[in-house]
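Every read-out reported here was derived from the displayed coordinates using simple, explicitly stated rules and does not represent laboratory data. All of these numbers come straight from a predicted model, not from anything done at the bench. Note that we place each Cβ from the backbone using ideal geometry, even for glycine, and neighbour counts take in every protein chain shown.
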Ligand code: Z5A
């Protein structure tokens, strides 16, 4: 039975897509708009988002391309995710705060499951173990051609990470992986065309949040 004194659970919105799709930019803009509308909002990212998960992030994002195989990478991602959920996401949602997350488990399905070839059922089993039946309320898949995303990512200041050094074909498999997930779960996922201006994409994101969740 729900406790009448408790705030309603917050909404969990995830942003997915390939490199340079504009996820971090759109997380920030949606958070600003929701705060103006009076919502409590936490922004976070994966891998990372809690002290333990940020330590795991360093292991997976830095180093040489072949530091880990797909299975090890998936295990590290789910270990980080479990810590992130337990320490950051679930407590915030329970307080009634909305959580906007830059990547979540669909990234494991697209990168390790599809692009690295681990397979959907292995990733689904790890999900069940680490996350259970918890799901995002809404997943925005920012979609754009691979060369456009990689060019944006490479134009940013900073060191190229190990994922950015993987080849064009790998990133095409990642893009196809996200589109497959969105097609399989249309009630949870919305594809957003990420080729336009930052402002145009932000408007599309807000419209989608409003139409799917009744707010934004
Ligand atoms: N990974 C995985 O394999 N498995 C998993 O389960 C998880 C993750 C959770 C994390 O890297 C890596 O981990 C990631 C997948 C893997 N692979 N990579 N790379 P990350 O967090 O460091 O990187 P990322 O998630 O790919 O983010 P990103 O490359 O920084 O891209 P973004 O967040 O989508 O974009 P952005 O930072 O908002 O924008 C990038 C640049 O483009 C920036 O200069 C913006 O100002 C510019 N930008 C943004 N939008 C536009 C538009 N509309 N027009 C023009 N320019 C724009």
Computed, not fitted: 222 nm per-residue ellipticity of the chain from DSSP H runs ≥ 4 (each -39500 (n - 2.57)), nearest 500, equal to -14500 deg cm²/dmol
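Given a Förster distance of 41 angstrom, what is the FRET efficiency for residue 162 paired with residue 39, based on the Cβ-Cβ distance and rounded to 0.05?
On the way: r = 35 Å, r/R0 = 0.86.
That gives a FRET efficiency of 0.70.
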Under the 7 Å Cα-to-Cβ spin-label approximation, residue 169 and residue 121 lie apart by a distance in nanometres of 2.6
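Expressed as a rounded percentage, what relative contact order does the range 83-216 have, with Cα pairs under 8 Å and six or more residues apart? Kindly include the intermediate steps, with their values, before the conclusion.
Working: 100 pairs, mean separation 37.5, N = 134.
Contact order relative to length: 28 percent.
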Of the candidates 13, 198, 89, which one comes out as most mobile in a Gaussian network treatment of the chain with C-alpha springs shorter than 10 Å? 198
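Can you give the extra length, in nm with one decimal, that the chain gains between residue 203 and residue 155 once fully stretched, where that is 0.36 nm per residue apart less the Cα-Cα distance? Before the final figure, lay out the partial values.
Details: separation 48, 0.36 × 48 = 17.28 nm, distance 2.41 nm.
Computed gain between residue 203 and residue 155 is 14.9 nm.
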Report the residues of the range 1-45 in range of a label on residue 61: point 7 Å along Cα→C-beta, backbone N strictly under 18 Å from it. 14-29, 43-45
Under 1.5 on a/c is rounded, so check that first for the range 12-213, then, if it is not, pick prolate when a/b is larger than b/c and oblate when it is not; a ≥ b ≥ c are the square roots of the alpha carbon gyration tensor eigenvalues. rounded
Express in nm, to one decimal, how much length is gained between residue 128 and residue 90 on full extension, taking 0.36 nm for each residue of separation and deducting their alpha carbon distance. 12.1 nm
Most fluctuating residue given options 83, 66, 193, as computed from a GNM of the chain linking Cα atoms under 10 Å: 66
Which whole-angstrom value gives the distance between the alpha carbon centres of the range 109-139 and the range 6-56? 19
In nanometres, what is the gap between the two model label sites at residue 79 and residue 180, each 7 Å from Cα along Cα-to-Cβ? 2.6
Expressed as a whole-number percentage, the relative contact order of the range 136-207 with C-alpha contacts under 8 angstrom and at least six residues apart is 51
If a/c stays under 1.5 just call it rounded; otherwise compare a/b with b/c (prolate if a/b is bigger, oblate if not). Do that for the range 1-117, with a ≥ b ≥ c from the square roots of the Cα gyration tensor eigenvalues. prolate
Say we join alpha carbon atoms closer than 10 Å with springs in a Gaussian network model of the chain; which of 125, 81, 173 then has the biggest fluctuation? 125
Report, for the range 12-213, the % of DSSP beta bridges that are antiparallel, rounded to 5. 0
By the Cα gyration tensor axes a ≥ b ≥ c (a/c under 1.5 gives rounded; else a/b larger than b/c gives prolate, otherwise oblate), the shape of the range 107-216 is oblate
